[in-house]
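Below: the structure, in structure tokens.
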Amino acid sequence: MPTFDYVGTVFDITTITPQGVICFTNPRLGTGMMGYDEFARYFSKTSWTEWIPVYIKEFGQYCYRTNGKRVMVKRYGHEIKACASCHPNDGFALEKGLQLALARLRVKEIKATI
């Protein structure tokens, strides 16, 4: 059986089945699943802030939230989201993360109009 060797990588939990199987995803690495005992060995829980509104002159009204490792943004009142995260060896910089996540969001918004 392969060893999980992505310690330090941020994954999002998508589902926990009634049988206790935890399904997770990462935009770059894809999806996976494991039982709780294995999950507890590799993962720690991070909490997201509430959505924080911010006005950016060039783009308008947006909201963002962070967990101290990632930044997620969306246009106020819309559901398209984009994220940015820092390399595990780098310090978290909210401003840089916001700039990158907003650029990714704008790309998604433009693609949605085509």
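The values are calculated or read from the model by the stated rules, or taken from the named source; none is laboratory data. Computed from a predicted structure; not experimentally measured. Heads up, the Cβs are rebuilt from the backbone with ideal geometry, glycines too, and the neighbour counts pull from every protein chain shown.
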Residue list for region 27-47, restricted to those being outside any loop (DSSP other than H, G, I, E, B) and either charged (D, E, K, R) or at pLDDT below 80 (or both): Tyr36, Asp37, Glu38, Phe39, Ala40, Arg41, Tyr42
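For every residue, the table says whether it meets (1) surrounded by fewer than 11 Cβ atoms within 10 Å (Cβ to Cβ); (2) more than 18 Å from Pro27 (Cα to Cα); (3) hydrophobic (A, V, I, L, M, F, W, C); (4) assigned by TED's automatic domain parsing to the domain that holds Asn26.
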| position | (1), (2), (3), (4) |
| --- | --- |
| Glu58 | yes, yes, no, no |
| Tyr62 | no, yes, no, no |
| Val73 | no, no, yes, no |
| Glu79 | yes, no, no, no |
| Asn89 | yes, yes, no, no |
| Gly97 | no, no, no, no |
| Ala103 | no, no, yes, no |
| Lys108 | no, no, no, no |
Every residue from region 50-91 that is assigned to a loop (DSSP other than H, G, I, E, B), modelled with pLDDT of 85 or more and of a type in the set (A, V, I, L, M, F, W, C): Trp51, Ile80
Any hit, region 51-60, residues being more than 30 Å from Thr113 (Cβ to Cβ) and among the β-branched types (Val, Ile, Thr): no
